[in-house]
Amino acid sequence: NAGVMQNPRHLVRRRGQEARLRCSPMKGHSHVYWYRQLPEEGLKFMVYLQKENIIDESGMPKERFSAEFPKEGPSILRIQQVVRGDSAAYFCASSPQGQRSYEQYFGPGTRLTVT
Amino acid sequence: RKEVEQDPGPFNVPEGATVAFNCTYSNSASQSFFWYRQDCRKEPKLLMSVYSSGNEDGRFTAQLNRASQYISLLIRDSKLSDSATYLCVVTLTDSWGKLQFGAGTQVVVTP
């Protein structure tokens, strides 16, 4: 059973460009979460999605950041007009429905560097 | 005040020894508790859930103290492979999908 997949693993963008990060959850998982880890800091929750629905986006910056989890295909975290402060590791996690829905399994992350 | 606080360490532990460390949380509405481990800033991996009655998984024992709002992790017979950063994680009753991470406790097991 393949784990959570994220791509690209490394992404370099110049200031002002757009970054698109993709996440494919584990097979059978219908809940997706995005977290950000800044250098020397802990992980911070960004957004929780189910298919075609945003459940909790309380951790998303108000501007430039958006996320989606369409009916078909991976979840996408989109950052418009990137700035140096967006440089971080972005982790996606997924969880199943039902009794074990609280157990989140993480992908390898995308390391975004803004130059 | 941070919602989840941990001693950053490092805890330097001789191989075979026991190490224990705590994590405190500020919100009494916290519902679920977990320990994750993270190696060299790779992805966090779920180590164990923490139950009210305390639970054990091999050499790892987790305890929850709701009255004092802390959880603990004890590692017995430490192995070199236990060297990692251990992340304390809590969720709130009304936002269970949102994991709140501590900054982590670094453990270094030495030969």
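The values are calculated or read from the model by the stated rules, or taken from the named source; none is laboratory data. Since the structure is predicted, the reported quantities are computational estimates derived from the model, not experimental observations. When we count neighbours, we look across all protein chains shown, and the Cβ atoms used for this are built from the backbone with ideal geometry, even at glycine.
The set of residues in the stretch A:24-48 that are surrounded by 14 or more Cβ atoms within 10 Å (Cβ to Cβ) and farther than 22 Å from B:VAL89 by Cα contains only A:SER24.
Just wondering, is there one or more residues in the stretch B:33-54 that are within 25 Å of A:GLN37 (Cβ to Cβ), of a type in the set (Ser, Thr, Tyr) and surrounded by 18 or more Cβ atoms within 10 Å (Cβ to Cβ)?
Yes, that holds for at least one residue.
Among the residues of the stretch A:52-79, which ones are farther than 19 Å from A:ARG111 by Cβ and more than 14 Å from chain B (Cβ to nearest Cβ)? Those that are farther than 19 Å from A:ARG111 by Cβ and more than 14 Å from chain B (Cβ to nearest Cβ): A:GLU52, A:LYS62, A:GLU63, A:SER66, A:GLU68, A:PRO70, A:LYS71, A:GLU72, A:GLY73.
Can you confirm whether the stretch A:65-75 contains a residue that is among the charged types (D, E, K, R), under 23 Å from B:GLU5 (Cα atoms), surrounded by fewer than 21 Cβ atoms within 10 Å (Cβ to Cβ) and free of Cβ contacts under 8 Å to residues at least 24 places away in the same chain? Scanning the stretch A:65-75, I find no residue that is among the charged types (D, E, K, R), under 23 Å from B:GLU5 (Cα atoms), surrounded by fewer than 21 Cβ atoms within 10 Å (Cβ to Cβ) and free of Cβ contacts under 8 Å to residues at least 24 places away in the same chain, so the answer is no.
Each row is one residue, and each column tells you yes or no for (1) touching a residue at least 60 places away in the same chain (Cβ under 8 Å); (2) within 14 Å of another protein chain (Cβ to nearest Cβ).
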{"site": "B:TRP35", "(1), (2)": "no, yes"}
{"site": "B:ARG41", "(1), (2)": "no, yes"}
{"site": "B:ARG66", "(1), (2)": "no, no"}
{"site": "B:SER72", "(1), (2)": "no, no"}
{"site": "B:ASP77", "(1), (2)": "yes, no"}
{"site": "B:VAL89", "(1), (2)": "yes, yes"}
{"site": "B:LYS98", "(1), (2)": "no, yes"}
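Could we say that A:SER58 is free of Cβ contacts under 8 Å to residues at least 60 places away in the same chain and under 18 Å from B:GLU43 (Cβ atoms) here? If you could, list the steps in order and put the result at the bottom.
Details: free of Cβ contacts under 8 Å to residues at least 60 places away in the same chain: yes; under 18 Å from B:GLU43 (Cβ atoms): no.
Against the criterion (free of Cβ contacts under 8 Å to residues at least 60 places away in the same chain and under 18 Å from B:GLU43 (Cβ atoms)), A:SER58 does not qualify.
When residues in the stretch A:19-55 are screened for being free of Cβ contacts under 8 Å to residues at least 40 places away in the same chain, in contact with a Ser or Thr (Cβ under 7 Å, 6 or more places away or on another chain) and within 20 Å of A:THR115 (Cα to Cα), 0 of them pass. Remark: pairs (first residue in the stretch A:1-18, modelled with pLDDT of 95 or more; second residue basic (Lys, Arg) and surrounded by fewer than 15 Cβ atoms within 10 Å (Cβ to Cβ); Cβ separation under 9 Å; 6+ apart in sequence or on different chains) = A:LEU11/A:ARG20; A:ARG15/A:ARG84; A:GLU18/A:ARG78.
The listed residues are B:THR18, B:THR61, B:THR93, and the only one of them that is within 14 Å of chain A (Cβ to nearest Cβ) and more than 26 Å from A:PRO39 (Cα to Cα) turns out to be B:THR93.
So, in the stretch B:85-100, exactly how many residues are closer than 12 Å to A:ASP56 by Cα and either at pLDDT 95 or above or β-branched (Val, Ile, Thr) (or both)?
We begin by selecting, within the stretch B:85-100, every residue closer than 12 Å to A:ASP56 by Cα; these are B:94-99.
Then drop every residue that is not either at pLDDT 95 or above or β-branched (Val, Ile, Thr) (or both), which leaves none.
Total meeting the criteria: 0.
Under the condition of being closer than 24 Å to B:ALA29 by Cβ and surrounded by fewer than 19 Cβ atoms within 10 Å (Cβ to Cβ), the residues counted in the stretch B:74-102 number 5. Once the stretch A:81-112 is narrowed to residues that are over 21 Å from B:LEU87 (Cβ atoms) and exposed (fewer than 14 other Cβ atoms within 10 Å of the Cβ), the residue that is farthest from the other protein chains (Cβ to nearest Cβ) is A:GLN81.
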